[in-house]
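Below is one structure, written out as structure tokens; the observations come after it.
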Amino acid sequence: MTSETITAAASGTWKLGDLTINRIGFGAMRLTQNGAAFAPGAAASDRGRAISVLRRAVELGVNHIDTAAFYFSPLRSANELINHALAPYPDDLVITTKVGPGRGPAGDWLPHAATPEQLRGQVEENLRQLGRDHLDVVNLRILGTGSIAERFGALADLRAAGLIRHLGISNVTPEHLAEARAIAPVVCVQNPYGIGMRPEHDDFVRSCGEQGVAFVPFYAIAAAGRETGASGADSDELLAVARAHGVSAAQVRLAWTLHRGPHVLAIPGTGNPDHLVDNVAAGALRLSEEELAALDAVHRGTAV
């Protein structure tokens with residue numbers, strides 16, 4: 001597979017509400033600093049390189065970028081980088097952001113989820129940083145398992161006011177999705193998921209597709225490594241699939257998630273232009289039934 005010739009269109013498309021996107025997108029979390037995301041004291045990313053990665057992503061057909069106002073380091077803001085690199089924005093570019101958690105100026109996480117009033121402030125901050133008069137998709141990021149009705153209802157009010165086009169939820173359970181859908185349409189669920197990560201959520205992934213809701217896994221490459229990145233401890237079965245296709249283990253991980261259903265999207269993030277090309281190319285990787293069965297067994301922990 002020649003990565004350089006492959007664009008995000010090879011991954012197929014999905015509609016977030018009325019917005020058509022390619023299923024391979026880009027996550028902005030890793031743009032602001034080198035090393036693990038949110039790591040205290042990590043060196044700031046190279047600004048010029050980050051901007052070039054964003055522009056290259058769009059050149060490669062990426063039209064879905066995931067970001068948040070809380071993606072920042074002492075010297076970098078993901079939203080500001082996106083604004084500088086891509087505004088005026090292409091007509092087909094969909095920018096998805098998240099609200100709910102908050103960070104202080106020094107980068108420390110605030111101990112409580114945002115109140116409904118604070119959510120409006122977070123939406124307005126995203127609008128300001130991105131230079132937009134509305135946000136395409138806003139995910140309410142959940143902390144804990146309690147009711148989300150009051151907070152999601154506040155976002156539904158902002159949607160009705162025209163500040164938000166579509167709503168999603170993140171880090172949630174099936175019960176959260178049912179609660180949210182009773183208040184307003186939900187176009188996506190964004191949860192941690194990947195090979196070997198949360199196999200107990202397989203039914204939830206399928207259920208989202210049955211309801212016409214996109215499922216957007218994050219940490220699909222890093223899996224249990226989460227913010228620190230992939231650990232490099234890949235199974236023999238996964239490595240065998242990678243060798244058979246002449247691709248990396250990370251590309252196989254991305255392709256596996258896309259094979260979970262046409263409603264599954266990918267938002268791999270990187271500040272490395274070579275990794276970007278490889279991530280986009282993963283959307284063209286087609287796995288056989290035998291390969292998927294072997295990877296599924298790794299995912300469920302039943303491989304022998």
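The values are calculated or read from the model by the stated rules, or taken from the named source; none is laboratory data. All values derive from a computational prediction rather than experimental measurement. Glycine gets a Cβ as well: all are built from the backbone with ideal geometry, and neighbour counts include every protein chain shown.
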### Query
Considering 249, 255, which residue is closer than 23 Å to residue 28 by Cα, of a type in the set (Gly, Ala, Ser) and buried (at least 21 other Cβ atoms within 10 Å of the Cβ)?
255
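So that you can scan it fast, the table gives a plain yes or no per residue for (1) surrounded by fewer than 17 Cβ atoms within 10 Å (Cβ to Cβ); (2) closer than 25 Å to residue 25 by Cβ; (3) of a type in the set (Asp, Glu):
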position: 74; (1), (2), (3): yes, no, no
position: 78; (1), (2), (3): no, yes, no
position: 86; (1), (2), (3): no, yes, no
position: 89; (1), (2), (3): no, yes, no
position: 96; (1), (2), (3): no, yes, no
position: 99; (1), (2), (3): no, yes, no
position: 128; (1), (2), (3): yes, yes, no
position: 135; (1), (2), (3): no, yes, no
position: 140; (1), (2), (3): no, yes, no
### Message
Here is a check on your reading of the model: is residue 206 at pLDDT below 95, within 23 Å of residue 138 (Cα to Cα) and either polar (S, T, N, Q) or in a helix (DSSP H, G or I) (or both)?
### Response
no
### Message
If I filter segment 190-211 down to residues being within 15 Å of residue 23 (Cβ to Cβ) and of a type in the set (A, V, I, L, M, F, W, C), which single residue comes out as surrounded by the fewest Cβ atoms within 10 Å (Cβ to Cβ)?
### Response
205
### Message
Suppose we keep only residues that are surrounded by 16 or more Cβ atoms within 10 Å (Cβ to Cβ) and over 18 Å from the mean Cα position of the chain (by Cα) within segment 212-244. Which one would you say is modelled with the lowest pLDDT?
### Response
234
### Task
Select from segment 52-63 the residues that are of a type in the set (Val, Ile, Thr) and outside any loop (DSSP other than H, G, I, E, B) and list them in ascending order.
53, 58
### Task
For segment 250-258, state whether one or more residues are hydroxyl-bearing (Ser, Thr, Tyr), modelled with pLDDT of 95 or more, out of contact with any Leu (no Cβ under 6 Å at 6 or more places or on another chain) and part of a helix (DSSP H, G or I).
yes
### Task
Looking only at segment 68-81, count how many residues are over 15 Å from the mean Cα position of the chain (by Cα) and not charged (D, E, K, R).
6
### Query
In segment 64-92, which residues are among the aromatic types (Phe, Trp, Tyr) and within 20 Å of residue 14 (Cβ to Cβ)?
89
#### Entry: Residues of segment 119-150 that turn out to be touching a strand residue (DSSP E or B) at 6+ places or on another chain (Cβ under 9 Å) and modelled with pLDDT under 95, as a count
1
### Task
Collect the residues in segment 68-105 that are of a type in the set (S, T, N, Q) and in contact (Cβ under 8 Å) with a residue 60 or more places away in the chain, keeping them in residue-number order.
96
### Query
Which ones in segment 160-174 are surrounded by fewer than 19 Cβ atoms within 10 Å (Cβ to Cβ) and either out of contact with any Asp or Glu (no Cβ under 7 Å at 6 or more places or on another chain) or assigned to a helix (DSSP H, G or I) (or both)?
160, 161, 162, 173, 174
### Message
Quick check on this structure: which one of 61, 121 is surrounded by 17 or more Cβ atoms within 10 Å (Cβ to Cβ) and either more than 30 Å from residue 12 (Cβ to Cβ) or of a type in the set (Gly, Ala, Ser) (or both)?
### Response
61
### Query
Checking residue 60 against (1) closer than 25 Å to residue 141 by Cα; (2) at pLDDT 95 or above, which single condition isn't satisfied?
(1)
### Summary
From the option list 180, 156, single residue qualifying as within 22 Å of residue 214 (Cβ to Cβ), more than 20 Å from the chain's Cα centre (by Cα) and in a helix (DSSP H, G or I) is 156
